[in-house]
Amino acid sequence: MVETEQRLIVSNRKARHEYQILEVIETGIVLKGTEVKSLRKRNANLQDSYAIIKNGELWLLGLHINPYEQGNINNHDPVRTRKLLIQKKELRKLFSSVSEHGLTLVPLSMYFKGPYAKVELAVARGKKSYDKRESIKKREAERNISRTLRRSYT
């Protein structure tokens with residue numbers, strides 16, 4: 001099978017800090033023409049977006065895609081609700097995971113895989129403030145270790 005190239009559009013770096021990521025899946029997304037053109041220019045924001053399961057379908061809310069500059073009056077609504085494409089078996093698995101207390105669906109990144117736009121979605125649990133402080137301490141310790149090792153080699 002031929003591996004297709006992935007081109008990152010936007011990533012939600014804050015999500016990895018705010019949430020403990022339990023599982024990651026790849027989904028397709030239903031877009032309009034001007035949205036695709038705007039995404040190719042990397043005009044999107046995932047910061048306050050999240051996914052829900054409603055009526056047996058997966059929906060992405062809060063994703064902001066800027067209107068296409070060369071578009072006309074038929075341009076899209078920047079924050080409309082967008083449908084995510086996923087197989088029924090995976091959807092049932094997600095539904096059972098999310099129905100558990102404290103878990104949510106958070107988009108981590110958006111990218112083009114070949115001609116298709118994809119969303120990397122995570123089943124996540126919100127971190128407490130002490131968990132966030134712990135991860136910051138761990139990251140700084142790793143940074144200091146790598147910095148010290150670099151100095152010792154030069």
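Just so it is clear, none of the values below were taken in a lab; they were calculated from the coordinates. What you see is a predicted model; the values in this text were computed from it and never measured. Note that each Cβ is placed from the backbone with ideal geometry, even for glycine, and that neighbours are counted across all protein chains shown.
Couple of notes before you dig in:
- Calculated on the Cα set of the chain, radius of gyration then Dmax: 18.4, 61 Å.
- Adding -39500 (n - 2.57) for every DSSP H run of four residues or longer, then dividing by how many residues the chain holds, sets the calculated 222 nm ellipticity at -10000 deg cm²/dmol.
- Of Glu120, Glu26, Glu142, the residue with the greatest mean-square motion in the GNM of the chain, using alpha carbon springs below 10 Å, is Glu142.
- Between region 84-154 and region 3-77, the alpha-carbon center distance in angstrom: 16
- Spatially proximal aspartates and glutamates relative to Lys14 (Cα-Cα < 16 Å; intrachain offsets below 8 disregarded): Asp48, Glu120, Asp131, Glu134
- Computed E for Arg80/Lys132 - FRET, C-beta separation, R0 41 angstrom, nearest 0.05: 0.85
- Rounded tilt (10° steps) of 88-98 against the dominant C-alpha axis of the chain: 50
- Charge dipole magnitude, Cβ of K and R +1, D and E -1 - the chain, Cα centre, debye nearest 20: 480
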